[in-house]
Amino acid sequence: MGNCWGARIKDGSPQPGASGGLYFQPLSWNLRMKVALGAAKGLAYLHSAEAKVIYRDFKTSNILLDTDYSAKLSDFGLAKDGPVGEKSHVSTRVMGTYGYAAPEYLSTGHLTAKSDIYSFGVVLLEMLSGRRAIDKNRPQGEHNLVEWARPYLTHKRKIFRVLDARLEGQYSLSGAQTIATLALECLSYEAKMRPSMDAVVTILEELQDSGEAEKHQEPKTGNKQTHAVVSASKSSRKPRRKSLGGTKETVGPNPKPLAHSR
């Protein structure tokens with residue numbers, strides 16, 4: 001899969017340490033979304049008519065990052081060929097990693113591409129929250145990430161309880177809501193209600209494109225704000241006070257994530 005670092009997404013971005021090892025720094029929102037899109041494209045290819053492969057063990061530790069933070073899928077030891085002909089699933093012994101496996105696969109052993117999509121939803125939730133899928137060191141009721149986060153994902157005003165505090169608000173509210181909604185759809189109890197990986201890729205691409213558009217607009221907005229500040233400063237130097245009744249500056253709330261990561 002190329003020259004990659006074995007850096008787990010939830011731990012952050014790899015940086016060379018003084019001893020030749022690695023120390024970790026949290027990934028930014030934009031880099032997390034880049035990794036999510038890269039991993040989604042990898043799964044979409046595996047599910048395509050050309051490959052017809054079910055990964056079966058999709059998880060953060062199987063996503064490797066190269067020096068450009070491009071995602072590479074690794075460890076295909078549990079991968080299975082998808083169903084052929086009129087078959088809707090592959091019957092197999094339940095294997096994988098606890099916390100990532102789809103509920104219907106755990107209960108029946110029936111494996112489909114939708115099983116991978118559930119696992120992708122778990123990974124997406126890990127990226128959103130900075131938490132592990134299973135973490136026994138968390139308080140009671142928070143050991144299982146999906147079970148803990150699911151109620152918050154359905155309310156726009158409550159997703160801040162799930163968002164990684166280390167992001168320090170450096171993300172767009174609409175983007176965070178989009179990812180929360182997408183994760184919830186991928187984690188649907190009913191497999192048929194989960195989106196395809198092609199649909200997931202489309203949503204993540206649109207989110208990335210909108211983020212790039214916002215970047216290009218920021219300098220223009222900044223210039224206008226600077227000009228306004230300079231104008232106001234010049235006006236303040238004049239001895240006669242002018243009425244500012246026609247000018248109003250609104251400062252919106254700056255919500256902070258309430259979830260704390262290790």
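None of the figures in this text is laboratory data; all of them are computed from the coordinates on show. Just so you know, these numbers come straight off a predicted model, no measurement behind them. Methodologically, a virtual Cβ is constructed for each residue, glycine included, from the backbone with ideal geometry; neighbour enumeration extends over all protein chains shown.
Roughly what would the spin-label model give for SER210 and ALA51, points 7 Å off Cα along C-beta, in nm?
Modelled inter-label distance: 2.7 nm.
SER196 to LYS80: extension gain in nm, 0.36 nm per residue of separation minus the Cα-Cα distance?
Between SER196 and LYS80, full extension yields an extra 40.0 nm.
May I ask you to sort LYS114, LYS34, LYS72 by Cβ crowding, counting other Cβ atoms within 10 Å and putting the fewest first?
LYS72, LYS34, LYS114
What FRET efficiency comes out for the pair THR92/ASN144, r = Cβ-Cβ distance, R0 = 22 Å, nearest 0.05?
Efficiency computed from Cβ-Cβ geometry: 0.40.
Mind counting lysine pairs for me in the range 36-126? Cα separation below 20 Å, and the two need to be 8 or more apart along the chain or on different chains.
Step by step, the pairs that qualify in the range 36-126 add up to 15.
What is the extension gain from TYR189 to ARG166, computed as 0.36 nm multiplied by their sequence separation minus the C-alpha to C-alpha distance, in nm to one decimal?
Length gained, TYR189 through ARG166: 5.3 nm.
Mind ranking 92-105, 118-131, 174-187 by how tightly packed they are, going by the mean number of other C-beta atoms within 10 angstrom, highest first?
118-131, 174-187, 92-105
Please report, largest first and rounded to whole Å, the three semi-axes of the ellipsoid equivalent to the range 9-212, where each semi-axis is the square root of five times an eigenvalue of the C-alpha gyration tensor.
Here the semi-axes work out to 26, 20, 18 Å.
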